[in-house]
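Participant: Would you mind keeping the following structure in view while I ask a few things?
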Amino acid sequence: MNSEEEYHRELRKCVLCGSCKAACPTYSLKHSEALGPRGRLRLLWAFSTGELEPTQAMVERVFSCLLCGACSRQCSAGVNILETMYHGRDLLKGADKAGRTLKWILRFALKRPGLSARVFRLARPAIGPLLARAGLAGGVFRPGDYALKDTGTVFAPADIRSMKGRVLLFSGCSVNYLAPHLGESFIRVVNALGYEVVLPKREVCCGAPLRAMGFAADARDFARRNIEALRGLKADAIVSLCPTCVVTLREQYRELTGDAIEAVDAVTFLAGRIETSPALDVRAAFHDPCHSLHGLGQYGEPRSLLRSVGVDLVEMESGCCGLAGTFSLSFRELSDAMLKKRVETFERTGAEILVTSCPGCLFQLSKTISGDRVFHAVEVVEEGLLK
């Protein structure tokens, strides 16, 4: 959404029917009009027309949206709710006095990830207790002493004579710096299937966290840099282990720049490519990441993939884990309530393990469920394929 006229047109579309509230995770917790899509749209309309001045309370209501996309398909008037929220955040970011420091720290880290990672490693002993209190330690969040790209940029299968093709792995921030073991797992699986894996050297953050915080110009800059970095590279697929990255590259870049990157998530890429006999004997539940379910429209692929390696899947009710990027930091009470609900839903299934396909969900869920019971789908596929 690149113009004020388009922004106002979307806001005017809302007929205040309220059907969007039925799918909103924050509204379902608090049943507060201001914590649902309709209420947020009404606040943005009042702000855009000068009916209301920007306040910290308004900022908190608008930024409390998870940006999960669950409401989008519920809107009978066809309001582009997500794009309207992004544009509203861009306009309101200057009024966010309470969250200003956190946002600028994260903005600095995302624009200088290598430097930030090195500083973090040096300061980790001192700031560990602070991270624990902020909910940023524990679970699978154990950044190692290396980034995924430190291990190399080209990974060929054992038998290059029968190589089937090449895959570009868009590692993103979470896999490259926080969970390189997930990237290594994906590389081993894809190499075993006969594909070469390349990590693009000039790749930067997809820009999703920046856009969510209201830094639209920075997100647009990152989009252009990634499009330029990946445009000339030849591959059979551009794959990411993070559904948020995929939605951003494939959908949001079109909104930001008019161009896009045809990326796929790891689950979609692997589904249908596993041809071994089932090797696992484990009962699992699958947690659908919001951006997989609502952004990519994905449901059957992860389930068929996990069953292909022998997983006995039990269904569980879908719902947000409560991470949603900076949401878990700025709205800790709501985030913890969502996490508690997901954990309770999982425990009722009686499954041995919980599987997901998002590094962020993996971190959030493992804060409460012990780490040896929560896995990324790629890790499970590796266990079944290479066991």
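Read the figures in this text as sums done on the coordinates, not as results from a lab. These numbers were taken from a predicted model, which means no experiment stands behind them. No Cβ is skipped: glycine too gets one built from the backbone with ideal geometry, and neighbour counts run over all protein chains shown.
Participant: Taking LYS13 as the anchor, which lysines have their alpha carbon closer than 22 Å to its alpha carbon, excluding any fewer than eight residues away along the same chain?
Facilitator: Once the sequence-local lysines are set aside, what remains near LYS13 is LYS21.
Participant: Can you give the helix-only mean residue ellipticity at 222 nm for the chain, where every DSSP H stretch with n ≥ 4 adds -39500 (n - 2.57) and the sum goes over all residues, rounded to the nearest 500 deg cm²/dmol? Can you show the working numbers first?
Facilitator: Working: 18 runs with 179 residues, N = 387.
Mean residue ellipticity at 222 nm (helix-derived): -13500 deg cm²/dmol.
Participant: Which net charge results for the neighbourhood of MET213, defined as the other residues with beta-carbon distances under 15 angstrom from its beta-carbon, given Lys and Arg at +1 and Asp and Glu at -1?
Facilitator: Values: positive: ARG89, LYS93, LYS97, ARG100, LYS103, ARG107, LYS111, ARG211, ARG220; negative: GLU60, ASP90, ASP96, ASP218, ASP221.
Taking every other residue near MET213 into account, the sum is +4.
Participant: Let me ask another. Exactly which chymotrypsin sites (Phe, Trp or Tyr not before Pro) in the stretch 266-307 are in a DSSP loop and have at most 16 other Cβ atoms within 10 Å?
Facilitator: TYR299
Participant: Right, next: Can you give the charge dipole size of the chain about its Cα centre, rounded to the nearest 20 debye, using +1 on the beta carbon of Lys and Arg and -1 on the beta carbon of Asp and Glu?
Facilitator: Once rounded to the nearest 20, the dipole reads 860 debye.
Participant: Cut-off under 22 Å on the C-alpha distance; same-chain residues fewer than 8 positions from LYS111 excluded. Which lysines are left, in chain and number order?
Facilitator: Once the sequence-local lysines are set aside, what remains near LYS111 is LYS93, LYS97, LYS103, LYS149, LYS201.
Participant: While we're looking at this one, here's another question. Mind checking the angle between helix 81-92 and the chain's longest principal axis? C-alpha axes, 0 to 90 degrees, to the nearest 10.
Facilitator: That works out to roughly 60 degrees.
Participant: Anyone know which of SER171, SER116, SER366 comes out most mobile in the 10 Å Cα GNM of the chain?
Facilitator: SER116
Participant: With Cβ to Cβ distances under 11 Å as the rule, what net charge do the other residues near VAL378 carry (K, R +1; D, E -1)? Please list the in-between numbers first.
Facilitator: Numbers: positive: ARG188; negative: GLU184, ASP265, GLU379, GLU382, GLU383.
Local charge sum for VAL378: -4.
Participant: So in the stretch 148-270, what percent of DSSP beta bridges are antiparallel if you round to the nearest 5?
Facilitator: Bridges in the stretch 148-270 are about 15 percent antiparallel.
Participant: Just to confirm the number: angle between the C-alpha axis of helix 216-231 and the first principal axis of the chain, 0 to 90 degrees, nearest 10?
Facilitator: Roughly 30 degrees between the two axes.
Participant: Same structure, new question: Hey, any idea what Rg/Rh is for the stretch 282-386, computing Rh the Kirkwood way over Cα pairs?
Facilitator: 0.95
Participant: With the dipole of the chain worked out from charges on the C-beta (+1 for Lys and Arg, -1 for Asp and Glu) around the Cα centre, which of LEU182, ILE353, VAL314 lies farthest toward the positive end?
Facilitator: It is LEU182.
Participant: Share of antiparallel DSSP beta bridges in the chain, in percent to the nearest 5?
Facilitator: Beta bridges within the chain, antiparallel portion: roughly 15 percent.
Participant: Among ARG42, ARG188, ARG231, which one moves the most in a GNM of the chain with springs linking Cα atoms closer than 10 Å?
Facilitator: Checking each option, the largest mean-square fluctuation is seen for ARG231.
Participant: Using only Cα atoms and rounding to the nearest 10 degrees, what angle (0 to 90) does helix 37-48 make with the longest principal axis of the chain?
Facilitator: Once rounded, one gets 50 degrees.
Participant: Okay, moving on. What is the Cα coordinate range of the stretch 4-95 on the first, second and third principal axes, sorted by size from largest, in whole angstrom?
Facilitator: Answer, in whole Å and largest first: 29, 27, 20 Å.
Participant: Determine the distance separating the Cα centre of the stretch 360-376 from the Cα centre of the stretch 222-257; give it in Å without decimals.
Facilitator: When both Cα centres are located, 27 Å separates them.
Participant: Further question: Hey, got the dipole for the stretch 4-95? About the Cα centre, +1 on K and R Cβ, -1 on D and E Cβ, debye to the nearest 20?
Facilitator: It comes to approximately 380 debye.
Participant: Turning to a different aspect of this structure: Within straight cross-link reach of LYS340, meaning Cα distance under 18 Å, which lysines are found once same-chain residues fewer than 8 apart are removed?
Facilitator: LYS30, LYS367
Participant: Separate question: How charged is the neighbourhood of ARG40? Take every other residue with its Cβ under 10 Å from the Cβ of ARG40, and add Lys/Arg as +1 and Asp/Glu as -1.
Facilitator: Overall, the nearby charge balance is +2.
Participant: Select from LEU329, HIS291, LEU305 the residue farthest towards the positive end of the dipole of the stretch 282-386; place +1 on Cβ of Lys and Arg, -1 on Cβ of Asp and Glu, and compute about the Cα centre.
Facilitator: Of LEU329, HIS291, LEU305, it is LEU329.
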